[in-house]
Amino acid sequence: MDRLHTLRELIDGRLIIAVGDITKFEGDAIVNAANSTLYGGGGVDGAIHRAGGPAILNECAKIRRKQWRDGLPTGKAVVTSGGRLPARYVIHTVGPMWAGGNHNEAEALISCYRESLEEARKLQAAQIAFPSISTGAFGYPREKAAVVAYQAVSGFLSQNTVPERVWLVFFTPEDANVFLKAIPVN
Ligand code: ADP
């Protein structure tokens, strides 16, 4: 089975930069870059639903009926089981669509990371993996998204002991290197 490849460990080993398919992650939780319908889509969303099977979609439909009838707002996060995934939970969050940078995109993206980490903390998830939220179909520039993701995650880790370790999983080594070049420490 193709495992995630670790490129770099930052923040005393609590932040891991890795390359690969996030559906293979064997920790407690993975984050899904969902869309507000929660009914699946392309990119990492499609990959997670394909690998995790129908249980995840059923739970998403229940969340729509009971909690978010008009869809999950941008920047919010909800939890389902991981279905057939190795990870026990999927935390679904809706990233902002890039609209030039003056439409609160950064605030919304920070909120995705914070709310997802807060859900992971409540679940007592020791290890959680994030994809690069919004940088695919939603068009958020990778360098800008890197700075936001790093700020949000490092800020949360400095104030919380759980999750112990956060993985940022990039689909390609090129994407991971863009991240590493863009962040303030490396
Ligand atoms: P968004 O709509 O939030 O932009 P996408 O799924 O289109 O979401 O893309 C988010 C990021 O996820 C992109 O950087 C893309 O390369 C990456 N990605 C797509 N599939 C996977 C996967 N199986 N594992 C990890 N990352 C993935």
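Quick note: the coordinates plus some simple rules give every number you see, no bench work behind them. These numbers were taken from a predicted model, which means no experiment stands behind them. Glycine gets a Cβ as well: all are built from the backbone with ideal geometry, and neighbour counts include every protein chain shown.
Quick notes
- Whole-number percent relative contact order across segment 141-186, with pairs defined as alpha carbons under 8 Å at least 6 apart: 61 percent
- Here the 3J(HN,Hα) profile of segment 112-119, calculated from phi with Karplus coefficients 6.51, -1.76 and 1.60 at θ = phi - 60°, is 4, 5, 5, 5, 5, 5, 5, 4 Hz, Gly and Pro shown as x.
- The HN-Hα couplings worked out from phi for segment 32-41 by the Karplus form 6.51 cos²θ - 1.76 cosθ + 1.60 (θ = phi - 60°) are 9, 7, 7, 10, 5, 5, 6, 9, x, x Hz, whole numbers, x standing for Gly and Pro.
- In order along segment 74-83, the phi-based Karplus estimate (6.51 cos²θ - 1.76 cosθ + 1.60, θ = phi - 60°) of 3J(HN,Hα) comes to 3, x, 8, 9, 9, 10, 10, 6, x, x Hz; Gly and Pro are listed as x.
- Rg ratio (alpha-carbon, reference 2.2 N^0.38 Å) - the chain: 0.93
- Amide proton proximity set for Arg8, modelled H, under 5 Å, gap of 5+: Ile17
- Placing unit charges on the Cβ atoms only, positive for Lys and Arg and negative for Asp and Glu, gives the chain a dipole magnitude near 480 debye about its Cα centre.
- Hits among lysines - C-alpha to C-alpha of Lys144 under 16 Å, sequence gap 8 or more where chains match: Lys181
- For peptides 131-143, 97-109, sequence by mean Cβ density within 10 Å, most packed first: 131-143, 97-109
- Only DSSP H runs of four or more residues enter the estimate; each adds -39500 (n - 2.57), and after division by the residues of the chain the mean residue ellipticity at 222 nm equals -12000 deg cm²/dmol.
- For the pair segment 21-92 / segment 98-117, the C-alpha centres are spaced 19 Å from each other.
- Under the criterion of Cα pairs below 8 Å and six or more residues apart, the relative contact order for the chain equals 27 percent.
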